[in-house]
Each structure stands twice: as structure tokens, then as C-alpha cells.
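Laboratory data are not the source of any read-out in this text; all were calculated from the coordinates shown. It should be emphasised that the depicted structure is a prediction, and the values quoted were computed from it without experimental measurement. Quick reminder, even Gly has a Cβ in these numbers, built from the backbone with ideal geometry, and neighbours come from all protein chains shown.
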Amino acid sequence: MEFAEFFRKFKSEPVIDSRLFPMLGQDKQIIRNQVAGWKKKGLLVQLKKGLYVFSRDYKPFPEPGSIANLLVQPSYLSLEYALSYYGLIPDIVRVYTSVSTKKTNRFENRTGIYHYRHIKNNFFFGYVKENGIMIATPEKALLDHVYLNVKSAGAMGEDFFAGNMRLQNIEGLKLSVLKKYARFFGLRKVDIAVKILEKTWKNY
């Protein structure tokens with residue numbers, strides 16, 4: 001198969017999934033060998049094993065947030081990336097952090113760095129679709145952080161969020177949503193986190 005024909009077949013797809021190669025009507029191994037050659041020539045960029053995008057010479061890369069959703073499914077952007085996105089922390093986050101019911105994983109390619117943290121099935125909630133990208137709500141991103149990065153309730157003092165996390169702009173968070181999400185978690189450290197935040201609100 002010529003590359004021009006391959007491009008016509010996949011140009012409307014956000015990413016090129018090798019599982020679709022059988023639809024091309026050619027021997028799967030031959031297609032794989034051709035793809036390996038096109039990657040070596042810089043015509044294709046590998047995101048992970050079996051997943052590719054066209055180089056920028058042929059098509060703009062998808063938004064990294066969209067790639068983050070596609071690399072591991074199901075997943076949604078959360079943790080440091082989402083906290084930075086919503087202006088809840090001052091850091092500029094260059095790693096696209098997500099949570100997933102799949103195993104913890106990390107991918108680095110020409111489009112960005114993508115980190116995935118495992119979360120239990122019953123904690124996989126509290127996300128929305130913004131501009132076609134699945135991302136945690138501000139409240140869920142914060143509680144995902146507590147769940148995955150805080151070892152115990154005892155690790156949090158009253159200045160935890162202001163000091164350790166440098167949390168800012170909390171007046172934009174919805175306390176009622178935090179409390180609702182905390183009930184779903186049913187964990188002491190999450191409950192303590194919400195109580196600390198509730199106290200902090202009173203200082204605004």
C-alpha cells in the first residue's frame with residue numbers, strides 16, 4: 001500500500017489504531033512492516049504500541065488532552081493537570097495527569113508526557129466533557145489528589161492545602177459538591193480534607 005492511500009484511509013481518524021488494519025484488506029504483517037517504515041521516515045508518530053498519529057507535515061497533532069483520553073480508556077484528566085487547569089494551584093503542569101480504572105502507567109512521545117494513576121471502579125466519577133475532552137470537575141480533581149497522594153488523615157494539618165499544595169482560588173469550589181463526592185469515597189482522609197476546606201472557607 002502506498003502511504004498516500006493509507007493517509008486517505010485514516011486522515012479523518014483522531015488517531016491510527018492498529019486494530020483497524022484488517023479493514024485495509026491486506027496482510028496484517030505487511031501493513032505493520034509498512035507502518036514501521038513510515039514511522040522510521042518520520043511520516044507517522046507512535047503514541048504507544050499500536051497507536052499512531054500522522055506527522056505534523058500531514059496533519060496537526062490532536063490536542064494533548066484528547067490524546068490523554070485515547071491512550072488509556074477509560075480515563076479522564078485529573079490531579080495536578082486539572083488543578084492547574086482550573087487555577088487551583090499556581091504551578092504550570094506540563095505532564096497530562098489522568099486517573100483510570102486501568103493500571104498505573106506512563107507514556108512519553110512527541111505530543112507530550114502522559115501519566116495515569118489507577119483508581120477503583122466505584123471512584124471513577126465526577127468528570128465532565130469540555131471541548132471534547134474528559135476532565136474531572138474541580139472538586140473531583142482535588143479529592144482525587146487527596147485519595148491518591150495523601151497517605152492518611154493524620155498527614156493533613158489545617159495548613160495542608162495552603163502550605164503543602166499551595167491551593168488557591170478555593171472560593172470557586174462548591175462545598176456541596178465536595179461533600180457529596182466525599183460520601184461516595186467513604187474514606188476518613190477525604191472527609192477530613194473536606195472539613196479542613198470548610199474551615200478555610202470561613203476565612204474568605
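Here are some notes:
- Computed Rg/Rh of the chain, alpha carbon atoms with Kirkwood Rh: 1.09
- In summary, the aspartates and glutamates within cross-link reach of residue 189, defined as a Cα separation below 17 angstrom excluding same-chain residues under 8 places away, comprise 139, 144, 158, 159, 198.
- Largest first and in whole Å, the equivalent-ellipsoid semi-axes of the stretch 1-95 read 32, 13, 11, each the square root of five times a Cα gyration tensor eigenvalue.
- Alpha-carbon spread of the stretch 3-54, three principal axes, descending order, Å: 24, 22, 21
- By average C-beta atoms within 10 angstrom, highest first, the peptides 105-113, 140-148: 140-148, 105-113
- Projecting the Cα positions of 77, 90, 53 onto the charge dipole of the chain (unit charges on Cβ atoms of Lys, Arg, Asp and Glu, taken about the Cα centre) puts 53 furthest along the positive direction.
- Protection proxy ranking, highest mean first, for peptides 54-60, 190-196, 73-79: 73-79, 190-196, 54-60, where packing is the per-residue count of other beta-carbon atoms within 10 Å, averaged.
- Here the gap between residue 198 and residue 118, fully extended at 0.36 nm per residue and compared with their Cα-Cα distance, gives a gain of 26.0 nm.
- If the chain linking residue 125 and residue 104 were pulled fully straight, counting 0.36 nm for each residue of separation and taking away their Cα-Cα distance, it would gain 5.8 nm.
- Pairs exceeding a 29 Å alpha-carbon distance, out of 48/174; 28/59; 9/40; 39/129: 48/174; 39/129.
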